[in-house]
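Since the structure comes first, as structure tokens, the remarks are kept for the end.
The values are calculated or read from the model by the stated rules, or taken from the named source; none is laboratory data. Values in this document were obtained by computation on a predicted structure and should not be read as measured data. Here the Cβ positions follow ideal geometry from the backbone for every residue, glycine too, while neighbour counts run over all protein chains shown.
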């Protein structure tokens, strides 16, 4: 064994006390679902973790009713200060149970423990801590004095950052005075179930947070429920579009966090070693299953070869494998369906003349895996330069001038994120100005913070999560 | 200000890379054309090395590798022959309870102590060959470097004559910060020349940048590159007398430089972080940085060293823990 | 009021019913004719696209009559192809308008108010003529509209301070959020209040640098006269495009147009606006629902047509 093979360093799962079966968390109590229960499997082993209830329309109705009741009787009338105290409590319990949550998340999602441990879970606690402080300061979110909660918020989150997305949804909603019904993704319901337990430990009044599991039909019933006042969805643009249509003509408020095809622009004066790290972090973080991934590398033509050489050398050091191993950089793809999509799109990219190179890593026999891959020779018209792959696949395009870089970066119906790498401050700011993207990272990538608004332009959705703007999404009022 | 037309000593590497008419201007343009460093990104990358979890067999191998890479060091005004003998004894038998314990790469002393170190090492002295312990000497008016060039060169020649296998020189940080890159360059070239032994071989030259005084990462990259161009065999972070001494980001950056140099020329240069690395845990982070930046070929005492005094004993404690399965204590390792 | 030669919209019918109860004496043009005995020069009311005043490519017009039903003017009746051209012009003009300094945009908006002030009589005339308002009430409305342009002119260099923020993130990063224009905004203007209604939706869209394709409601004359004001007030061509015609006919094309970023349905209450909102969802357009929608003359109204862009940059002394 060579040094770089690093002996296995698995995080123990003994910290988890999982049940075999999870019900729906409605009105502060667990209850079975009306639909057919389903299993969640660990993407790295294909082994079943637990069974989860599927909420049918009756369950959705019960969950919304519980949320309404809690809104009317408890959470709505409660002072902002007290709401904030509950959220602070939750933040602290999240910190206390951080390791357990990280292990559960890696198990259920397939992402490396080093990400859940160092990124997802710390951010979850930070998100609740941040929003807790807003609860008694709503007069300053920018909607005028005494803004009002919407009421019952229906929230649907994706599988790529299960607990983190839960925090992005629940923390601001509760701080603003809404009660929520949240549905985690079908393939990653586990940490939401643990969160129910945390709500109970925090003594959160029954019905303030309701968690229902299920697939698309459950989500559809939830957003269409007539007693829902506010809908927040993070997921694919296709589903976001359907929700926007379903809500047309209603009085429901809607925020959408959808797909992306982020451009990561590397100028020839970039801090090169850091740019390589940024490219790697931009597309291989969470196996590229990130809506704001830097999936299109736009590299200035005169440094294309140098960047590619260094990038490939760096990619060769990425360690793919057991998500629970502390040295794993690249974990499993979340599901077979996602793996098939990635494979199909990469095949299309090659068929269209792209040249694919994958990091030399052995893929485990069980589970869903895709080696970190870079496709060069991609043109703006290529399928893989336009479609969101949502996997560890980087498409490489070149540009000659800043204007061309901007034009290519903006040449997409999406507008979520972009990266700029250059040592020239003046140019960085000018290019950042022109990019049609909600988040622009300069000389860094994939950074998130509850104080920093996140969200897209164009078909990447509308509304922001994080910061003052994120709070506004859960309030009405002002003049 | 420097004279733009100043010609520089015709160091072989610099001539090959920059052409025959070596001048201050050419050197400056070359150094200023190097890729810049974004500090936040570099530090984040360095931190990521620290999150590697090196366990069981990997840890055992790593600990032995660390020991083999140590330049066991004493650089005190109060150094005596007795102290040097004691240091050498520790190098010869790092852990009396375990004869399988490897020996460090070198002992590092002030120039006037070289003879004592050689004598104390006896047959274990490498004498420039590969199968023993080297004697490294700090030179060129270490640690400040504030002396005339004549004094610095004589300092070097004396140490080499006394048997030093390696010379750890300091660059003129003042000249570097003035922008007088040519002066820094020429001094390294001349010091290299002073490393020449009568038989035509050279003592290995380690060039100390004193990164704690250069402060910025861009300076560190330029100084590293300059030192290599001028003929350094190793680039070394610090004297240990200035804070901060070795840091993981600075070392990671210097590793990137030697990796780039190899990519450009095929030639491998060594890196030596020195000062402040006192625990196994920290040392292993450096090994990770080496392996993930330059590849495993660099996990070799010819290409990577730790300048340290207290590190060895912490590694030995960890080594004993791996062997016995229980935690050891400071009374179970010997002091030098 | 406007009646279509080809189709009577529900709006028009409703408006007609209202007008019938408040019928007024002859319009001012007739009055002027009587006073001076000079044969006046009537205006051709055309579309306003890309800074030019074309007729509809369809060759169609809508007859505008006064409160008593007497002919006033033939106003161009825009087609879907005119809408397409308007969107194209708006897209072309948008980056330049957004790229102008906030001070510059503020001056241009203020200039609109200045020029409007000078032509106040014309707008009052047109309102009186077509809406049946008294001259005093019409003047009040026009003045309110002019003041609303002034109000918006003052916002251009302040909205970023209201809608943006420096964000204290937990790391060595400079982090700032700024509101930026959403892009091309298609607007169905309110059916009432002529210039004032039009201003209440167009001006807020312009503050941060959006470009606009607006279908005016019941005040096509005011809309085109406003276009003439815009054309002479340093507003770059294409920033505002005016499509007079049948909102019910044009709105679906604008709602579904992929190069429109936002759809303001403030004046679409009497249209099948739910279908429009659904259609807008195909490209995830930002939609402002019909009145009450978002209250006019609020910073929220301006911010509703912006996107928050958050920029991170590393920060270090080393």
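Assorted remarks:
One line per residue, one yes/no per condition, for (1) in contact with a strand residue (DSSP E or B) (Cβ under 6 Å, 6 or more places away or on another chain); (2) crowded, with 18+ Cβ neighbours inside 10 Å; (3) within 14 Å of chain B (Cβ to nearest Cβ); (4) part of a helix (DSSP H, G or I):
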{"site": "A:317", "(1), (2), (3), (4)": "no, no, yes, no"}
{"site": "A:334", "(1), (2), (3), (4)": "no, yes, no, no"}
{"site": "A:339", "(1), (2), (3), (4)": "no, yes, no, yes"}
{"site": "A:342", "(1), (2), (3), (4)": "no, yes, no, yes"}
{"site": "A:349", "(1), (2), (3), (4)": "yes, yes, no, yes"}
{"site": "A:363", "(1), (2), (3), (4)": "no, no, no, no"}
{"site": "A:367", "(1), (2), (3), (4)": "no, yes, no, no"}
{"site": "A:374", "(1), (2), (3), (4)": "yes, yes, no, no"}
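- Test: residue in the range C:190-205 that is surrounded by 24 or more Cβ atoms within 10 Å (Cβ to Cβ), modelled with pLDDT of 95 or more and within 14 Å of chain A (Cβ to nearest Cβ): yes
- Residue within the range A:111-118 that is closer than 30 Å to residue A:321 by Cα and surrounded by fewer than 17 Cβ atoms within 10 Å (Cβ to Cβ) present: yes
- Residues in the range A:448-479 that are out of contact with any helix residue (DSSP H, G or I) (no Cβ under 6 Å at 6 or more places or on another chain) and part of a helix (DSSP H, G or I): A:458, A:460, A:467, A:468, A:469, A:472.
- Residue C:315, sole failed condition from (1) surrounded by fewer than 23 Cβ atoms within 10 Å (Cβ to Cβ); (2) modelled with pLDDT of 95 or more; (3) more than 10 Å from every other protein chain (Cβ to nearest Cβ): (3)
- Meets criteria (surrounded by fewer than 20 Cβ atoms within 10 Å (Cβ to Cβ) and assigned by TED's automatic domain parsing to the domain that holds residue C:236) for residue C:113: no
- Residues that are in a loop (DSSP other than H, G, I, E, B) and either within 18 Å of residue A:117 (Cα to Cα) or more than 14 Å from every other protein chain (Cβ to nearest Cβ) (or both) within the range A:271-301 comprise A:289, A:290, A:293, A:295, listed in sequence order.
- Wholly within the range B:1-118, helices (runs of 4 or more DSSP H) carrying at least 1 residues that are more than 14 Å from chain A (Cβ to nearest Cβ), at pLDDT 95 or above and touching a strand residue (DSSP E or B) at 6+ places or on another chain (Cβ under 6 Å): B:81-92
- Test: residue C:171 is surrounded by fewer than 24 Cβ atoms within 10 Å (Cβ to Cβ), at pLDDT 95 or above and within 14 Å of another protein chain (Cβ to nearest Cβ): yes
- Note on the range B:119-137: among residues that are part of a helix (DSSP H, G or I) and crowded, with 20+ Cβ neighbours inside 10 Å, the one that is farthest from the chain's Cα centre (by Cα) is B:120.
- Members of the range C:174-189 that are within 14 Å of another protein chain (Cβ to nearest Cβ) and part of a strand (DSSP E or B): C:174, C:175, C:176, C:177, C:178, C:179, C:180, C:181, C:184, C:185
- Among residues of the range A:421-458, those that are over 22 Å from residue C:163 (Cα atoms), at the interface with another protein chain (Cβ under 8 Å from one of its Cβ atoms), surrounded by fewer than 24 Cβ atoms within 10 Å (Cβ to Cβ) and touching a residue at least 24 places away in the same chain (Cβ under 8 Å), counted: 1
- Where helices (runs of 4 or more DSSP H) fall wholly inside the range A:47-127, the ranges with 3 or more residues that are within 22 Å of residue A:210 (Cβ to Cβ) and touching a helix residue (DSSP H, G or I) at 6+ places or on another chain (Cβ under 6 Å) are A:80-96, A:98-109.
- Per-region count, the range B:197-214, residues touching a residue at least 24 places away in the same chain (Cβ under 8 Å) and either in contact with a strand residue (DSSP E or B) (Cβ under 7 Å, 6 or more places away or on another chain) or within 23 Å of residue B:253 (Cα to Cα) (or both): 12
- For the residues B:218, B:233, the requirement of being touching a residue at least 24 places away in the same chain (Cβ under 8 Å) and touching a strand residue (DSSP E or B) at 6+ places or on another chain (Cβ under 8 Å) singles out B:233.
- If you go through the range C:258-276 and keep only what is farther than 16 Å from residue A:457 by Cβ, surrounded by fewer than 24 Cβ atoms within 10 Å (Cβ to Cβ) and at the interface with chain A (Cβ under 10 Å from one of its Cβ atoms), you end up with C:272, C:273, C:274, C:275.
- Annotation: of all residues in the range A:6-26 being crowded, with 18+ Cβ neighbours inside 10 Å, in contact with a strand residue (DSSP E or B) (Cβ under 8 Å, 6 or more places away or on another chain) and assigned to a loop (DSSP other than H, G, I, E, B), the one that is modelled with the highest pLDDT is A:23.
- Any chance residue A:323 is away from chain B (no Cβ under 13 Å), closer than 29 Å to residue B:46 by Cβ and under 25 Å from the mean Cα position of the chain (by Cα): yes
- Residue B:259 vs. criteria within 10 Å of another protein chain (Cβ to nearest Cβ), surrounded by fewer than 22 Cβ atoms within 10 Å (Cβ to Cβ) and over 20 Å from residue B:55 (Cα atoms): yes
- Within the range A:377-399, being at pLDDT 95 or above and in contact with a strand residue (DSSP E or B) (Cβ under 7 Å, 6 or more places away or on another chain) holds for A:392, A:393, A:394, A:395, A:396, A:397, A:398, A:399.
- Taking the range A:459-472 as the range and being crowded, with 24+ Cβ neighbours inside 10 Å and more than 7 Å from chain C (Cβ to nearest Cβ) as the test, the residues that pass are A:460, A:465, A:466, A:470, A:471, A:472.
- Residue in the range A:241-270 that is nearest to residue B:33 (Cα to Cα), counting only those that are surrounded by 24 or more Cβ atoms within 10 Å (Cβ to Cβ) and within 14 Å of chain B (Cβ to nearest Cβ): A:270
- Unique match (being over 21 Å from the mean Cα position of the chain (by Cα) and under 17 Å from residue A:292 (Cβ atoms)) among A:443, A:411: A:443
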